[in-house]
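Some notes on the structure that comes next.
The values are calculated or read from the model by the stated rules, or taken from the named source; none is laboratory data. Model, not experiment: these values are computed from the prediction. Using ideal geometry, Cβ is built from the backbone for each residue, glycine included, and neighbour counts are taken over all protein chains shown.
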Amino acid sequence: MSDPLRDTINKYRYFIAGCFLLLSLYLIYIVVARGDSLSQSSGNPRLWIVESRVLRGGIYDRQGEALAVSTGSGDQNNRSYPFGPLYAHIIGYDSRRLGKTGLEKAYDAELLGLKGSLVERLSVRWGLKGVRGNDLYLTIDNRLQQRAWDLLSPYTGAAVVLNPQTGEILALVSTPSFDPNEQSLENQWDKTSTDPGRPLLDRATQGLYPPGSTMKIVTASIGLVKDPGLPNETYDCTGEITIQGRVLHCWGVHGVVDLNSALAVSCDTYFAHLGLNIGSEDFTKGLESFGWGDPLSLDLPVSQVPLYQKSLQDPNGLAESAIGQGRILATPLYMALVDGAIANGGVMMQPYLVQQIRDPGSGVIWTAKPRVLRRVTSPQVADQVKQAMVGVVNSGTGTVANIPGLEVAGKTGSAENPGGAPHSWFVAFAPASNPQVAVCVMVEHGGEGSQVAGPIARQLIQLALSQGG
Amino acid sequence: MFWVALIQKYTMSALFYALMSLILYLYLNKREWSPQVASHTLTVLKSDWLLGRFSGQAPEASWNLNRETVLGRDSGCDIVLPDAFVSFRHARIYASGDGYFVEDLGSANGTLINDRTLNLPERLLPGDRLQIGRTTLGLKLVRQENRHFFLSIAPGILLLTGGLSLYWQQMLTLRDLGLLAAVAVILSATCLKLQRQGWGSFLFIPVAILSALSLVFLFRIDPVFGLRQSFWIILGVVVFWLTRAILRDYKRLFDYKYLFLAIGMFFLLMTVLFGAAVGGSRSWLTLGAMHLEPSELVKIFIIIFLAGYLDENKEVLRLGTRRIGRFLLPDWPYLGPLLAAIGLSLLLLAFQKDIGMALLFFSLFISMVYVATNRLFHLFSGLLLFFACASLMYLVFPHVQERVLVFVNPWQYAATGGYQIIQSLFALGGAGLVGWGLGSGFPALIPAVHTDLIFPLIGEEIGLFGALGILMLYLLLAWQGFRVALQVSDSFGRLLAFGFSSLLSLQTLIIIGGVTNLIPLTGITLPFLSYGGSSYVAGSFMIGFLVKLSEYR
């Protein structure tokens, strides 16, 4: 017997069953697909509760020097940073009131032991006695970091030291900085956060500056790719170049120069002319192959180096970009990577900060593996640029970085900016035959690259190589 | 240390998973766990004279019915009634279609059905009173359910296991454990008794499992809640039995449908006038030390009213008598009272700021009208009306606006309006497949964790599997309820059963959809799991009513 009421009830109960099915699928989605990001979200108060129940893992440099340690337990759990402002930008802070930043944030789950084995994770959650999080061992060399800090702290700026063959970051300093220890951080927060010197900003990874003449190593590489015969061509520097009626002045009159000598004396007109010869299309492609406009991933927040394609269409914009002025910007970390890529035969390695994660009980549970980020140019071109950079240090504008008995390749930069004196840049790597260390130093309004940034770069290279050897 | 904690925290979860798997297996694969009809019998309800007094035959109380059963004084009849007022061949009862019909065989004194004289063959329904001579007979359904002893005692075992785990983790006192054991015995005894009677356990067992979980988690949140809820559960079981005992003839409710509407309106009006604000909405009445949430009871009254009104007018509403454009619409005299009643109750609820309850009422209303009339026009015009009302409420009430904004992006309001839903998502999302174990969640972080937001805590502690198990239980309950609705023999009963089942399922969907942010979060209780006396007792009444209705088929 067919009853309309019965039919609709029957339809309706399948509708309800469908709703339950939908709800179940959504629940599965929340747990399976969003579970990790939800449980490790910085807003999740569970992490703080768990933190009060476990001893947060320590953070150590590559030699095992403690950079962040937790002592005590329960509510007396206390995080301390023995080196104070030295690592404020890398390691960050861990404050109940202000949250977490840096590696403390990026590796929160690991430091709390939430990513270990199931037994470990459950023990942490249940607050069983004697539970410890995992320790981080960084690629950072504390002595190098300390030296970079000492040299740079009188100024506002950033320094990056890395191993160009692996991408390990040996030092990463940004000045001014702040004390990340919870007590003083919270007490001085109002002052720190409103300080016009912006101590909270990590200039090394997030500060975008015109790279000035250090850009010329990029322009040279792009030029060499486009025209392999470039080293044999010459150009007469008259001290200025007129582009579409606008005069671009060189900082000197260099006469007849070729690629090597133009890089050595950092001739602006040569490279502006080279940029125009390359043309906006190929120059843009070249910048893209170096990574401009691509996001960079690191465990810390990183500014993407922007690619302003529009300004490259205009001959004046193109010429300015070719000498690192105008609308071309880069972070100090990025220029260190570019420098390192030239050192490493045109291969840019993915930079990283964490070498190992160790369980206090069972030892190493994760080790970083060097990874190629991108090939920026051919080994031949990289080698030609490298030789030109050796010339810069041996007999050009970069002689300040000359180290007796060591072949250093480098490039100075003085980036003009509306804020005052030019930003002082220096990129370098050594030894040129088999580069172990690449350095980038940038001092805001430091003047000529050779004056301020150069000596700092030299000392960092010296220290890095004396330790490595 | 670790292994001890593992046992403490996961024994109850493991038991729950096993129980859910068993139910799923029984229900899906074997189709065993459902009521099965054995036979219909004709039973003596009342006899003014002593049967068999003159014949010396032993009096019989009931007879099994065949395809055709003849009643009369003659000894050749299938049912012999040796009464002088009974003709030799008085009447016959025959099976036709899916029911039994009774026909008078030209008896001298006639056959009465529900005090009316039977002229033409008429369908005999359970509950009808068939009077032949001085004997009143009734149709009775004898059913046989497959008995599962483990299923019957499972709610009790679950409750005891959870209680012991909590006691072991020092979250309970011995006194609490004793009370818990008493409730465990009551729940299991009820299930066993229902299975022995042969019907009703298929509805009550899911409720008992949910009640057991509820009590474990309320004791785990705060023994004070657990203590009170224990009494509410006991009261609920009493109401469950009472409902079945009192509702001998539910059809008489039909005549009082407007009275129920009036009582419902009165309660709502009282709340608006004298209501106390609890958790942002003025939906509570305080009677001395008692706090009552009248809307929980009004739900039931409204269902009875709607079932009665729709049953009476469903033909008119279905066909329509007035033409507007392409549509045939029912006249205002038929549609008007319905719309007015519902509009009034929604308005009252809006004044109470109880958005969840208003949403529930509205969806229930649309569902019942659609099912009764079987016209998609009513469904769509109802939905249109719903969106119009929702938009109006959005524009008029700032708290509705806030709910919607929070729903769209809770993270933007993480510190204010979105706090609750985000905590719920943290709890559910971080739980993984099996959860963190009983006693390892963080109820203190979730506002209203004992009432509307108990589901996230349960999810956090017994995991995705547990949460899905709970959804399955609710679906099972709704499914069984709809099955009752399909099998009830009269349309009033059918609409009642449908109303109760859809109310329980809609309420579940609205609040679980809310805590997962699939729909905006609105404050209503999760049936049988949330803390609250009004909600639990109202739920028990509905289940009791459904069990009663399942007898009439």
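A few points about this structure:
- Looking across the range A:84-114, the residues that are buried (at least 20 other Cβ atoms within 10 Å of the Cβ) and either within 14 Å of another protein chain (Cβ to nearest Cβ) or in a loop (DSSP other than H, G, I, E, B) (or both) come down to A:ALA88, A:HIS89, A:ILE90, A:ILE91, A:GLY92, A:TYR93, A:THR101, A:TYR107, A:ASP108, A:LEU112, A:GLY113, A:LEU114.
- Residue match in the range A:49-63 (condition: away from chain B (no Cβ under 14 Å), assigned to a helix (DSSP H, G or I), small (Gly, Ala, Ser) and more than 18 Å from B:SER424 (Cβ to Cβ)): no
- Residue in the range B:537-553 that is farther than 26 Å from A:LYS11 by Cα, more than 12 Å from every other protein chain (Cβ to nearest Cβ), touching a residue at least 12 places away in the same chain (Cβ under 8 Å) and assigned to a loop (DSSP other than H, G, I, E, B) present: no
- Given (1) modelled with pLDDT of 80 or more; (2) surrounded by 14 or more Cβ atoms within 10 Å (Cβ to Cβ), number of the condition B:ALA245 does not satisfy: (2)
- Any hit, the range A:447-466, residues being assigned to a helix (DSSP H, G or I) and modelled with pLDDT under 90: yes
- Considering residues of the range A:122-148 that are in a helix (DSSP H, G or I) and under 16 Å from A:LEU333 (Cβ atoms) only, the residue nearest to the other protein chains (Cβ to nearest Cβ): A:GLN145
- Condition broken by B:SER489, with the remaining ones in (1) in a helix (DSSP H, G or I); (2) closer than 24 Å to A:ASP7 by Cα satisfied: (1)
- Count of the range B:477-500 residues, restricted to those that are within 26 Å of B:LEU428 (Cβ to Cβ) and either facing chain A (nearest Cβ under 10 Å) or at pLDDT 95 or above (or both), is 2.
For every residue, the table says whether it meets (1) under 27 Å from A:ASP268 (Cα atoms); (2) among the small types (Gly, Ala, Ser); (3) more than 23 Å from the chain's Cα centre (by Cα).
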{"position": "A:ARG125", "(1), (2), (3)": "no, no, yes"}
{"position": "A:ALA148", "(1), (2), (3)": "no, yes, no"}
{"position": "A:GLY157", "(1), (2), (3)": "yes, yes, no"}
{"position": "A:LEU201", "(1), (2), (3)": "no, no, no"}
{"position": "A:GLY223", "(1), (2), (3)": "yes, yes, yes"}
{"position": "A:LEU230", "(1), (2), (3)": "yes, no, yes"}
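- Among the residues listed as B:ILE512, B:ILE519, the single one being of a type outside the set (Ser, Thr, Tyr), closer than 28 Å to B:TRP411 by Cβ and more than 7 Å from chain A (Cβ to nearest Cβ): B:ILE519
- Reported count of residues in the range A:1-29, each being at pLDDT 95 or above, within 7 Å of another protein chain (Cβ to nearest Cβ) and out of contact with any Phe, Trp or Tyr (no Cβ under 8 Å at 6 or more places or on another chain), is 6.
- Identity of the residue in the range B:86-112, surrounded by fewer than 19 Cβ atoms within 10 Å (Cβ to Cβ) and of a type in the set (A, V, I, L, M), that ends up farthest from B:LEU486 (Cα to Cα): B:ALA108
- Top-ranked residue of the range B:410-442 - restricted to ones that are surrounded by fewer than 22 Cβ atoms within 10 Å (Cβ to Cβ) and of a type in the set (Ser, Thr, Tyr), ranked as nearest to the other protein chains (Cβ to nearest Cβ): B:SER440
Yes/no matrix, rows are residues, columns are (1) buried (at least 17 other Cβ atoms within 10 Å of the Cβ); (2) modelled with pLDDT under 85; (3) part of a helix (DSSP H, G or I); (4) among the aliphatic types (A, V, I, L, M):
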residue	(1), (2), (3), (4)
B:ARG220	yes, no, yes, no
B:SER230	yes, no, yes, no
B:TYR258	no, no, yes, no
B:TRP284	yes, yes, no, no
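- Reported count of residues in the range B:373-409, each being part of a helix (DSSP H, G or I), within 12 Å of chain A (Cβ to nearest Cβ) and surrounded by 15 or more Cβ atoms within 10 Å (Cβ to Cβ), is 3.
- Given (1) touching a residue at least 40 places away in the same chain (Cβ under 8 Å); (2) in a loop (DSSP other than H, G, I, E, B), index of the condition A:ALA336 fails: (2)
- Looking across A:ALA438, A:ALA343, A:ALA415, one residue alone is in contact with a Gly (Cβ under 6 Å, 6 or more places away or on another chain), modelled with pLDDT of 95 or more, buried (at least 24 other Cβ atoms within 10 Å of the Cβ) and of a type outside the set (Lys, Arg). It is A:ALA438.
- Residue within the range B:498-514 that is farther than 24 Å from B:GLY469 by Cβ, small (Gly, Ala, Ser) and either free of Cβ contacts under 8 Å to residues at least 12 places away in the same chain or buried (at least 24 other Cβ atoms within 10 Å of the Cβ) (or both) present: yes
- Of the strands (runs of 3 or more DSSP E) lying entirely inside the range B:1-93, the ones with 1 or more residues being farther than 22 Å from B:SER550 by Cα and at pLDDT 80 or above are found at B:68-72.
- Within the range A:387-419, if we keep just the residues that are outside any helix (DSSP H, G or I), of a type outside the set (D, E, K, R) and more than 25 Å from the chain's Cα centre (by Cα), the residue that is farthest from A:ALA148 (Cα to Cα) turns out to be A:GLY396.
- Selection status of A:GLY324, outside any helix (DSSP H, G or I) and farther than 24 Å from A:GLY102 by Cα: yes
- Within the range A:30-40, tally of residues that are facing chain B (nearest Cβ under 7 Å) and either among the polar types (S, T, N, Q) or in contact (Cβ under 8 Å) with a residue 24 or more places away in the chain (or both): 1
- Among the residues of the range B:361-378, those identified as within 24 Å of B:GLY264 (Cβ to Cβ) and of a type in the set (A, V, I, L, M) are B:LEU364, B:ILE366, B:MET368, B:VAL369, B:VAL371, B:ALA372.
- Only residues that are farther than 13 Å from A:ASN142 by Cα, modelled with pLDDT of 85 or more and polar (S, T, N, Q) were counted across the range A:60-89, and they come to 2.
- Entirely in the range A:232-301, the strands (runs of 3 or more DSSP E) that have 1 or more residues that are touching a Leu at 6+ places or on another chain (Cβ under 8 Å) and charged (D, E, K, R): A:240-243
- Of all positions in the range A:352-372, none carries a residue that is more than 13 Å from the chain's Cα centre (by Cα), crowded, with 20+ Cβ neighbours inside 10 Å and part of a loop (DSSP other than H, G, I, E, B).
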